[in-house]
Amino acid sequence: MSLISAGTTSGTALVSTGDTTGNLVLQTNTSTTALTLNTSGAIGVGTSPSFGTAGQVLTSQGSGAAPTWVSAALVAPSTVEYLVVAGGGSGNYGGGGAGGYRTAASFSVAASTGYTVTVGAGGSNSNGSDSVFSSITSTGGGRGGFASGGSGVAGGSGGGASYDSTGTGGTATAGQGNAGGNGGGSGPFGGTGGGGGAGAAGVNGAASGVRLATGSTGSGGGNGGIGLQSSITGVATYYAGGGGGGSNVNTGSTGVLPTGGSGGGGNGSTDPSGAAQTGTAGTANTGGGGGGSDPDVASANTNGGSGVVIIAYPSTSADLSSIGGGLTYTLDTTTRAGYKVYRFTAGTGTISW
């Protein structure tokens, strides 16, 4: 150890002694150890030197008191990743369009600033509702065609056209999704279009006698468009799939089931042994469109899946300091290593750091 001590007179202002341990020690004039610098360059404070722990910093205590090691305060991130998916449109006879899909790897944020978060509901006899993160808005998915010969409705992704229809699928919002499928032609038995998905357009409905089980009469609805995959949570997951269209088949026949697109799209209906059947709902918190129903179903309506808002950033930054009471959320700090992932699944409110 090399020892440097404060002297007691002008002639002994600095006194030093030495040995071979390699540490450098500073003492007061009362031989009290104040600071130690070890061979690794670490700084110790006090008579029995405290070197602190990882992430701690030396902090002044004021009034001439010795500094102490304290945990460094985390600060707000400067940027975050986001995924914003709107609610899916309802499936009626045509498949519902998926909710709009928007994502980016870098969005600037700052401390003490409020950011609005809104999670869009799935549509019920309607388009889905928009989802919002700050200035980013994803548009609700379009409703499927809901009357004989009708077209699908525009949305984040468009709804599929109705049965016995030369109508078109609903158009999509630019950069958020794809159009719904067209109708399979005017009657009889023209199939409905599938709802558009974030990754592909809905499939057109089939003309009479196409895409059916052996011996069936009529036509099948189009499949829903596939969604897109995101790994923002640390797990690769599809979102925003379109709903499958409803099948139009004769009583007593069985059509091929039109599938919803990967990403929560509901399956379209078929007509098993003459029993009119509705499609299946879009999956919650995926923005999937609802599946279309058999035209024999009166006032068909299958709900779209609700949307989701997800933000992620490195775990070296601070947690959110304020989350609006109207929001339902989870915070995951383990699935994606080194990241904090907030997943908002319902409601609206303001968040801040």
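What follows draws every value from the coordinates through simple rules; no lab data is involved. This is a predicted model, so every value here is computed, not measured. All Cβ positions, glycine included, derive from the backbone under ideal geometry; neighbour counts span all protein chains shown.
Quick notes
- Simple spin-label estimate for V75 and A207 in nanometres, 7 Å along Cα-Cβ: 6.7 nm
- The calculated FRET efficiency for the pair S124 and A174, based on their C-beta separation and a Förster distance of 22 Å, comes to about 0.25.
- Long-range amide H partners of Y329 with built H, under 5 Å: T345
- Inter-part distance, the range 148-177 to the range 69-116, computed on C-alpha centroids, equals 27 Å.
- Cα gyration tensor, the range 77-353 - rounded (a/c under 1.5), prolate or oblate: prolate
- Sorting the segments 159-165, 346-352 by their mean number of nearby beta carbons within 10 angstrom, highest to lowest, gives 159-165, 346-352.
- Amide hydrogen neighbours beyond the local backbone of K340, cut-off 5 Å, H modeled: Y313, S315
- Simple spin-label estimate for A298 and N38 in nanometres, 7 Å along Cα-Cβ: 8.3 nm
- Working from label points 7 Å from Cα in the Cα-to-Cβ sense, the A147 to A65 distance is 7.8 nm.
- Gyration tensor verdict on the range 263-348 (Cα atoms; rounded if a/c is under 1.5, prolate if a/b is larger than b/c, oblate otherwise): prolate
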